[in-house]
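Structure first, then comments.
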Amino acid sequence: MKKYKPTTASRRHMTTVTYRGVLSGDKPHKPLVKGKKRSVGRNNAGRITTRHKGGGHKRLQRDIDFTYDKKNIIARVETIEYDPNRSGFIALVCYRDGERRYILAPRSVAVGDEFIVSEDAEIKVGNRVPLGKIPAGTFVYNVELKPGAGARLARSAGSFLEVVANDEGYTQVKMPSGEIRKIIATAWASIGEVSNQEHKLVTIGKAGRSRWMGKRPTVRGNAMNPVDHPHGGGEGRQGRGRRRAVSKWGKPTGKGHKTRRAKKYSNHLIVSRRKSKKK
């Protein structure tokens, strides 16, 4: 982590990720970059559907390959780059047939390294193989839920799933939450864990930096009026006045409250539930 001299009060505790020695410093590959207007929490009618989003610096969209549909062709890493739209780093890779693509970079990968997407690939960082051929105890990322549908799980900085067992056409994996679930063994996964594991240690330091990132302020419920929030109102500073903390819309929040749908389609694939917070 990079720390700064305390030239101001907000600068005192601010930290950033050390990019020197990790990124290659190259500009984005133009054919794989495009502009896009961000929705900033609005739907197609312009109404706010997700609060606390808006503003922020302009961003260019990088076309990331999550399907990995070029199989049995060796690819070489050309650059390691920063992507403002995600927490992990990305890598520009060149396949032996000359095509270039962006992928999510795994931890410890460097410029010049090679990987392959193949059913018979070696179990080494960066290679991509079906889950059923990965031994127990291996860390994986960019994991599919359905074969060929593209990576869905373990895509943020420093995240990974652990392969627990292979049994009866399914692979059991342990999620970052502690949940153990089954995924069909023919789904594909990449070996390793996502790069930029220091991302979770970043201290934003000041409100302005949050605004640069497109995050708008969050107001506490008990600082509002009763018309705006169930916790609002009262002379001076008050408790919430009710047994359970609730959201702006009266739905229970935190403290072990379960939010998963009772009849969710994947319930039969859950082997062990994640541990909820203590009440």
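Quick check of the Kirkwood formula: for the range 156-279, what is the inverse mean of 1/r over all pairs of different Cα atoms, in Å? Please report the intermediate quantities before stating the final value.
On the way: mean 1/r = 0.0532 Å⁻¹.
That comes to 18.8 Å for the range 156-279.
3J(HN,Hα) along the range 182-188, derived from phi through the Karplus expression 6.51 cos²θ - 1.76 cosθ + 1.60 where θ = phi - 60°, amounts to 9, 10, 4, 5, 8, 6, 9 Hz, with x in place of Gly and Pro. Residue ranges 1-11, 221-231, 186-196 sort as 186-196, 221-231, 1-11 when ordered by packing (mean number of other C-beta atoms within 10 Å per residue, highest first).
Checking every one of the trypsin sites (Lys or Arg not before Pro) in the range 119-181 against DSSP loop status and a limit of 14 other Cβ atoms within 10 Å picks out Lys124. Beta bridges assigned by DSSP with both partners in the chain are antiparallel in approximately 95 percent of cases.
Listed cross-link partners Lys36/Lys133; Lys5/Lys255; Lys5/Lys215; Lys37/Lys215; Lys37/Lys182; Lys71/Lys263 are compared with a 28 Å cut-off, the Cα-Cα value being larger for Lys36/Lys133; Lys5/Lys255; Lys37/Lys182; Lys71/Lys263. In plain terms, the bigger the Kirkwood radius, the slower the diffusion; for the range 18-199, with that radius from Cα pairs, at 25 °C and 0.890 mPa s, Stokes-Einstein puts D at 141 µm²/s.
For the ranges 138-145, 37-44, what's the packing order if you count other beta-carbon atoms within 10 Å of each residue, average per peptide, and put the highest first?
Numbers: 138-145: 21.8, 37-44: 11.4.
By packing density, highest mean first, the sequence is 138-145, 37-44.
Computed from the coordinates by the stated procedures, all read-outs in this text should not be read as laboratory data. Predicted model only: the values in this text are computed from it and were never measured. Positions of Cβ are backbone-derived with ideal geometry, glycine not excepted, and every protein chain shown enters the neighbour counts.
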